[in-house]
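The values are calculated or read from the model by the stated rules, or taken from the named source; none is laboratory data. Given the structure is predicted, the values throughout are model-derived calculations rather than measurements. All Cβ positions, glycine included, derive from the backbone under ideal geometry; neighbour counts span all protein chains shown. Remember, those area values only see protein heavy atoms, side chains included, never the ligands or the DNA or RNA. Shrake-Rupley method; radii C 1.70, N 1.55, O 1.52, S 1.80 Å.
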There are 4 protein chains.
Amino acid sequence: MHGAMDYGRVLEEISREVQREFGRGKVAGYIPVLKAVPPRKFGMAVCTVDGDEHLLGDAEEAFSVQSISKVFTLMLALQYVGADLWRRVGREPSGTAFNSLVQLEAERGIPRNPFINAGALVVTDCVVSHDAAALRSVVGLARRLSGNAGIHVDAEVARSERAHGHLNRSIAHFLKSHNNLKSKVEEVLEVYFQQCALAMSCLDLARSFLPLANEGVMPGDGQRLFPKRRVKRINALMLTCGLYDGVGDFAFRVGIPAKSGVGGGIVGVIPRFLSICVWSPELDPTGNSLVGTKALELFTTKTRVSVF
Amino acid sequence: MHGAMDYGRVLEEISREVQREFGRGKVAGYIPVLKAVPPRKFGMAVCTVDGDEHLLGDAEEAFSVQSISKVFTLMLALQYVGADLWRRVGREPSGTAFNSLVQLEAERGIPRNPFINAGALVVTDCVVSHDAAALRSVVGLARRLSGNAGIHVDAEVARSERAHGHLNRSIAHFLKSHNNLKSKVEEVLEVYFQQCALAMSCLDLARSFLPLANEGVMPGDGQRLFPKRRVKRINALMLTCGLYDGVGDFAFRVGIPAKSGVGGGIVGVIPRFLSICVWSPELDPTGNSLVGTKALELFTTKTRVSVF
Amino acid sequence: MHGAMDYGRVLEEISREVQREFGRGKVAGYIPVLKAVPPRKFGMAVCTVDGDEHLLGDAEEAFSVQSISKVFTLMLALQYVGADLWRRVGREPSGTAFNSLVQLEAERGIPRNPFINAGALVVTDCVVSHDAAALRSVVGLARRLSGNAGIHVDAEVARSERAHGHLNRSIAHFLKSHNNLKSKVEEVLEVYFQQCALAMSCLDLARSFLPLANEGVMPGDGQRLFPKRRVKRINALMLTCGLYDGVGDFAFRVGIPAKSGVGGGIVGVIPRFLSICVWSPELDPTGNSLVGTKALELFTTKTRVSVF
Amino acid sequence: MHGAMDYGRVLEEISREVQREFGRGKVAGYIPVLKAVPPRKFGMAVCTVDGDEHLLGDAEEAFSVQSISKVFTLMLALQYVGADLWRRVGREPSGTAFNSLVQLEAERGIPRNPFINAGALVVTDCVVSHDAAALRSVVGLARRLSGNAGIHVDAEVARSERAHGHLNRSIAHFLKSHNNLKSKVEEVLEVYFQQCALAMSCLDLARSFLPLANEGVMPGDGQRLFPKRRVKRINALMLTCGLYDGVGDFAFRVGIPAKSGVGGGIVGVIPRFLSICVWSPELDPTGNSLVGTKALELFTTKTRVSVF
């Protein structure tokens, strides 16, 4: 039913229909450099397992990936330590934001899942402990998956993260006090701040996530990047934990595994069909791109595909 | 790739492989009548959108559906009030069990989702408020979906629920104190206790959920039972909220939308392919069937289908 | 230093100085009959261990004692079961209001202390289980301590409590589900609703609490009502738990053991000197009489006595 | 009734009666240097407002004061900023330990009271921000109050605190992320770690707290050290918040304002009579000296004085 789908036309329709959504969200304010991003930026990219690519608007402009980078470090950590990771971090949705430190305290330093900040810090620690060039490996993975050798860390964003990172520092020391951080706190934080500051475009991200829509194989050259089993699991984690506290609402409205970042990006996959990325900086109260979520909802509604 | 799948053979393999899992869980102990169920009961049923049915073991023996009934009342409530339901109940996973009353209190009487007890009580209240014969409608829906006119409420189980229902009574009065229960507390509880006491077999349940695997259409006669949009949403809710506090782990290991009950049943769907139900009374610590979860994990691993 | 204290003059000064505080609080709104009380009512009564009594304003007008009644049931429960009570209820302050059900859940049905609603329900259950005429005994104790045989339950207030008692019903069923309620839920609630509806004046209450200022002995006739040890303990409980979530602030500003009710009454003792009761219906955000707290703060400041 | 009290004899009796309590608690294990303290150490010191001093056992041996130091920094902070302190820290008991970070998160960085770690860090920050020689001032105050110029910080304990201070670092960064820490995190922590490492004896501490039993006046020379009002408030805070999560139980059993430390010390006052300090390193589950609490309970029972 999807063979004849004209994704280009669908993207054009979405572009028109989301116009009325602009101005209803708020650009992330926690670090000044993110706050300065023009709120009307809007881009989309779709990559199909058949090799097609469709772009819309600012699809090739790099933005701050923020929490989307947690998928890259998760890929590396699973490659380095496999299922041992799950002794140090859970796989359950976290409930409300309000619970973040509550649950970490109640569960004695075992974060709920790899996508909340506490869990991502444990994942990063795992990478740092197994890889002396951790940051370079993260950047290298993003470059290899996207095929874009120019991807880099935005130094100004990283500096800003570092300067305003007291909550992450608090979480990291809390994990350390529960012996759930092996490397030095500042070392882990440094990689974490830099990975969040990766600058990538919608096209870069859609390409990077395409293997997750294709059972772990890069469609272009047929190279297997991840075992099929791991792809299923990363997708499951994204669907149940990938959208901060809006995960249930996103599944309900959009219905695909995806990961968002406070830079306004959301990248997702429809297994066996395509990967898709949207960027729009205005966020809803749960911290997810407001227009981006609407755009993805329109996409799965118009194309009539979702995982459900 | 699934056309040639021999589901009968897969079920046989699963039957052998789960043998070593028996004895590791615990039959639900909160009401005596459930505790008396033989722990080694095991049945499976698969119904495909193509019309095939595959049965294994005790697949035709009725058991207490418990929380699985929440899907039936949700179907009715959405039919009666549509999206208005979401003003009274959320759509987000609840985090840990430990949070149940915490969150209900913190969020001033708006339950996290329709599948935790508080949310299910609001859903039942919604049905009771719109339908003088609420219980009869619930039973009628189960009969119509399963094609089994003999489905009924187990009076002894209902009596037992009523006698040991203090926690649900506490939750119902709490909802009432926040004006999120329209009907009388005891009236809502009575329907709730009885719906949980519905007795159905794996086959009954797999047949009942088949329309959810087929975009809302009953495969047999092509009759549309639910709009496609509603099917997508019920499936999304099951995937993010259907397995109590084990929802993330279940998505990770099994990867399909499903709903469990403390009677030991789990029923799920693989959209566009099939519905599947398993019954095994021993529960894991999160309250889901231990052997049942393993059986479903083996099923999606062996058949290589999941929503991811 | 207190021998020459002219308490009458101190009360007059307070009366003038609290005038500007009226209108800043809110009369309890949770049941209509309390809401109808004129907000400017103001009375005070002081009873000294030497036998003096000083009255001010509406000191002889009966008002709804509400939670102050919890001290009477605590006296009875300690008489009936002694230290066994502490197996069923704690002795620690409860932290914030926000924690009420949270902590009850986290601590598996053992309320934090006898003065939060959950704890008071356990105390009442204790009285009900040991005394077929529980309510009559509570009223009898209030009459005997105050020397006022006319004290009675206000039937309209009791009816209103019953009609709006869903939160207390919720708590009672929660306790029952944790086996921390021996008698029938509705039986305990009935006594509880009626004891809260006791109508007493400032003078009644100050007289009733005088033995707690005099090591357990009624000053008038020298009769020992409670062992000295029990007096110390009830006073300690009032100081650490008697003012809802304002206990720390009250100790800080006023510095005496006291118990408040949402009817606007606060009754306290200065051990070895006097008992004191104030009534003013407007409440502060923690549910304590706003003008009443101010009046007591002025009293301990002007007389320079507190327990500290 | 207290004039003729032979405190020396009372201490001797207590010394005999507490023998059977040894071995039932556990020496603080969170830093190695505290763990090494001999568990049977036991000392008591009583200083009366009349100028008498009574010593028992190891009353003159210095131990690690730990949280008792929070009273000294509170004294300085109140001297520096007065009531402004209460905009940054509350005055209410904290409920259970389990809530520490929960409440700090729920209340957006305003600690419950000055004696939980978060509150004490804010108090120390307040001192550090107003006093370039903060630590020297803290040590100076301890020396002046105790009359012992030899009081100093135990460098090994301070080093150990620093090395194992991840939880305090976590809390400090959390406060910083809520803008409730003015000075640099590491600067505040450094003073905090050192103040906790102050080494003082029972006699030093009882002497230091004597002005709190004497309305702010040093009995020896009649010098006023604190306004009477501040003494009342510090005593109120100790009674409602001074014993970690055992504050209600301590008030119930002992009934005096006091402050404990995990080094095994507890120092308290009976206003208008005396100050008292006990040291015994074995702690109960709430972190308070087990034998020390028993000794103080025996003291108030035998002497029949408490604030109640």
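Observations
- Rounded to the nearest 10 degrees, the angle from helix D:166-177 to the longest Cα principal axis of chain D is 50 degrees.
- Size of charge dipole - the range D:50-209 - debye, nearest 20, with Cβ of Lys, Arg +1 and Asp, Glu -1, no other charges: 780 debye
- At 7 Å out from Cα toward Cβ: D:Ser15 inter-copy label distances (nm, ascending): 5.8, 8.1, 9.1
- Here A:Asn179 yields copy-to-copy label distances, from shortest upward, of 3.5, 4.0, 5.2 nm, the label point defined as 7 Å from Cα along Cα to C-beta.
- Remark: for residue pairs A:Lys228/B:Lys70; A:Lys35/A:Lys259; A:Lys259/B:Lys228; B:Lys176/C:Lys70; C:Lys182/C:Lys228, the C-alpha separation exceeds 31 Å in A:Lys228/B:Lys70.
- Accessible area per residue, Å², the range A:170-308 with all protein chains present, probe 1.4 Å: 25 Å²
- Shape category assigned to the range A:168-286 from the gyration tensor of Cα positions, a/c cut at 1.5: prolate
- Surrounding net charge for B:Met200, when Lys and Arg each add one and Asp and Glu each subtract one, Cβ distance under 11 Å: -2
- Global geometry of the range D:4-100, whether rounded, prolate or oblate, following the gyration tensor of its Cα atoms and the 1.5 cut on a/c: oblate
- Between chain D and chain C, roughly 3500 Å² of accessible surface gets buried, counting both sides and using a 1.4 Å probe.
- With a cut-off of 11 Å on the backbone N, the residues of the range A:1-44 near the modelled label site 7 Å out from A:Asp50 along Cα-Cβ are A:1-7.
- Other residues with beta-carbon under 9 Å from the beta-carbon of A:Leu145 carry, at +1 per Lys or Arg and -1 per Asp or Glu, a net charge of +2.
- Cα-derived Rg over Rh, computed across the range A:119-172 with Rh taken as Kirkwood radius: 1.02
- For the range C:144-187, the gyration tensor built on C-alpha atoms gives an oblate shape. Its axis ratio a/c (a ≥ b ≥ c) is at least 1.5, and a/b is not larger than b/c.
- Accessible heavy-atom area order of B:Val33, D:Val188, highest first, probe of 1.4 Å: B:Val33, D:Val188
- Take the Cβ atoms of C:Glu61 and D:Arg87, set R0 to 30 Å, and the FRET efficiency comes out at 0.20.
- Ellipsoid semi-axes in whole angstrom, largest first, where each is sqrt(5λ) of the Cα gyration tensor of the range A:222-280: 21, 13, 10
- Taking 7 Å steps out from each Cα toward its Cβ at C:Phe22 and B:Arg272 produces label points 7.5 nm apart.
- Under the criterion of Cα pairs below 8 Å and six or more residues apart, the relative contact order for chain A equals 27 percent.
- Among residues other than B:Ser64 with Cβ under 12 Å from its Cβ, the summed charge is -2 (Lys and Arg +1, Asp and Glu -1).
- Spacing of the two label points (7 Å from each Cα toward its C-beta) at A:Ala163 and D:Ala106, in nm: 3.5 nm
- Largest to smallest accessible area among B:Thr286, B:Thr124 [probe 1.4 Å]: B:Thr286, B:Thr124
- Degrees, to the nearest 10: B:7-17 long Cα axis against longest axis of chain B: 80 degrees
- Share of pairwise Cα separations in the range D:83-226, more than 23 Å, in percent: 42 percent
- Measuring max minus min along each principal axis, the C-alpha atoms of chain B give extents of 55, 42, 36 Å (largest first).
- Helix axis angle, A:69-81 relative to chain A longest principal axis, alpha carbon, degrees: 60 degrees
- Sites matching trypsin sites (Lys or Arg not before Pro) across the range B:47-108 that sit in DSSP coil, with at most 15 neighbouring C-beta atoms within 10 Å: B:Arg108
- Hydrodynamic analysis of the protein assembly as shown uses the Kirkwood radius over alpha carbon pairs. Inserted into Stokes-Einstein at 10 °C and 1.306 mPa s, it gives a translational diffusion coefficient of 48 µm²/s.
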